[in-house]
Every structure is written in C-alpha cells, then in structure tokens.
Amino acid sequence: MGRYVMLGMPGAGKGTQSRKLSQEMEIPHISTGDMFREAVKSGSPLGIRAREIMTAGELVPDEIVLEIVKERLSRPDVSRGYILDGFPRTVSQARELDSFQAPDAVIYLALSQEEAARRLEGRRSCGKCGAQLNIYLQESAEDSCPKCGGELVRREDDTPETVRVRIETYIRQTKPLTEYYREKGLLREIDGARGIGSVFENIIRSVKK
Ligand SMILES: [Zn+2]
C-alpha cells in the first residue's frame with residue numbers, strides 16, 4: 001500500500017523496479033510513457049493531440065500530461081496506492097501533483113553519469129521476439145536472445161550522442177526535483193548501481209520505514 005513516485009537516472013532500472021514493487025505491493029504501476037503510447041494508438045482526442053505535438057518534435061506540454069495523469073489516478077484500481085513512473089519530471093509538475101494528490105514516498109534510484117551511460121549503451125532488444133534486455137546486466141545475453149535465440153539489436157535512440165543528451169537533460173530537470181522531495185522529507189535515495197535483487201531489497205526496506 002502507498003502512493004509512490006519512482007525517479008532515477010536513465011538506465012537505473014525504473015521500469016524493472018516499478019514492476020517488481022507493483023507485484024509485491026499489489027498496486028498498479030503507472031507508466032506515463034506507456035500511457036502516451038496507448039493513447040496515441042487508441043486514437044482518443046487526447047492521443048491525437050499528443051501525436052500532433054510529438055510529430056512536430058515538441059515536448060508534450062504539462063497540461064496534457066497532467067490531464068492524462070489525473071484521469072488515471074481517478075480510476076478505482078488506485079484506491080490502495082500506485083507507483084508513478086515517468087511523472088513528475090519537473091518541479092512544476094511535482095507541485096501540480098501535490099495540489100492534487102501528494103505521494104507518500106519518492107524512490108530515487110541514483111546512478112553515476114558514467115554508469116548510466118554504460119548501461120544505456122548496453123541496452124538491446126531482440127529482433128525476433130521483442131524482448132528487452134541489457135548485455136551488461138544479463139550475462140546470458142551476450143550475442144543472442146536468451147529466450148528465443150534471435151539476433152539482438154540496439155535501440156535506434158541509443159546512440160552515444162542521444163544517450164549523452166538524455167542523461168544531461170535528466171540531470172538538469174531531476175536535480176531540482178530530488179531536492180524538492182528531499183526538503184519535504186519524502187526522498188528515499190537508493191544505490192541503483194547494485195544488482196536488480198539488491199536494489200529491490202533496499203527499496204522495500206526504505207518504504208517500510
Ligand atoms: Zn528473442
């Protein structure tokens with residue numbers, strides 16, 4: 001139970017840890033990235049607007065993101081809590097969330113810039129079954145998919161240049177956000193450089209405090 005926000009450097013395992021926490025606590029994992037992709041696919045009025053904005057190469061404005069998040073957080077399945085992944089991204093979004101429904105704790109998966117770059121560089125997807133994995137974190141996944149033996153391909157947006165830009169953007173936006181939650185006493189900083197199991201144990205320990 002509880003309302004959690006998951007923050008972390010790109011490559012720190014936010015998605016993986018959110019899914020594990022969601023199973024453990026039996027509360028929904030709400031990924032704004034997934035919600036956007038679904039809205040665009042479903043062709044809803046909001047999805048159509050979001051697609052137009054993204055096609056123009058612009059960032060989806062706060063009011064649209066907020067509208068989508070608010071709608072999601074008003075559904076009955078969040079009555080016992082939730083894990084928000086991908087929102088808020090900025091202090092102004094965090095303030096909006098607070099005025100609507102403040103989180104109980106904010107889990108921050110910390111990673112050095114070098115480690116984040118290395119991990120993003122190791123991300124691959126299987127060309128055959130679509131499995132997502134990391135050649136640095138999964139030993140069995142060096143040159144072929146451990147599930148189906150398919151060929152592993154790098155994500156198109158994982159070039160060294162885009163990786164650097166994404167990390168810098170993240171640090172610029174997230175640093176003030178972690179400070180915002182630290183001042184409120186909500187930030188639970190976790191060493192994200194450890195293995196998946198160990199990071200998860202530390203998350204559980206920190207939210208049970
Ligand atoms: Zn595969």
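The values are calculated or read from the model by the stated rules, or taken from the named source; none is laboratory data. None of the values given here were measured: they were computed from a predicted structure. Cβ coordinates were reconstructed from backbone atoms using ideal geometry, including for glycine residues, and neighbour counts include every protein chain displayed.
For segment 52-97, filtering for residues that are among the aromatic types (Phe, Trp, Tyr) and assigned to a helix (DSSP H, G or I) leaves 0.
Annotation: Ser74 fulfils all but one of (1) more than 16 Å from the ligand (Cβ to nearest atom); (2) surrounded by 14 or more Cβ atoms within 10 Å (Cβ to Cβ); (3) polar (S, T, N, Q); the unmet one is (2). Determine whether segment 83-90 contains at least one residue that is out of contact with any helix residue (DSSP H, G or I) (no Cβ under 7 Å at 6 or more places or on another chain) and away from the ligand (no atom under 16 Å from the Cβ). Yes; the residues of segment 83-90 include at least one that is out of contact with any helix residue (DSSP H, G or I) (no Cβ under 7 Å at 6 or more places or on another chain) and away from the ligand (no atom under 16 Å from the Cβ). Go through the residues of segment 41-58 one by one and say whether even a single one is farther than 20 Å from Leu177 by Cα, at pLDDT 85 or above and in contact with a strand residue (DSSP E or B) (Cβ under 7 Å, 6 or more places away or on another chain). No, there is no match, as no residue in segment 41-58 is farther than 20 Å from Leu177 by Cα, at pLDDT 85 or above and in contact with a strand residue (DSSP E or B) (Cβ under 7 Å, 6 or more places away or on another chain). Contact map, segment 143-158: residues that are more than 10 Å from Ala131 (Cα to Cα) paired with residues that are of a type in the set (A, V, I, L, M) and away from the ligand (no atom under 12 Å from the Cβ), Cβ distance under 6 Å, separation 6+ or inter-chain. Pairs shown: Asp158/Leu120. Checked against the criterion of being over 20 Å from Pro10 (Cα atoms) and either among the aliphatic types (A, V, I, L, M) or in contact (Cβ under 8 Å) with a residue 24 or more places away in the chain (or both), segment 174-195 has at least one qualifying residue.
Note on segment 1-25: residues that are touching a strand residue (DSSP E or B) at 6+ places or on another chain (Cβ under 9 Å) and part of a loop (DSSP other than H, G, I, E, B) amount to 5.
Taking strands (runs of 3 or more DSSP E) as the structural unit, those lying wholly within segment 98-209 and holding at least 3 residues that are away from the ligand (no atom under 16 Å from the Cβ) correspond to 105-110, 187-191.
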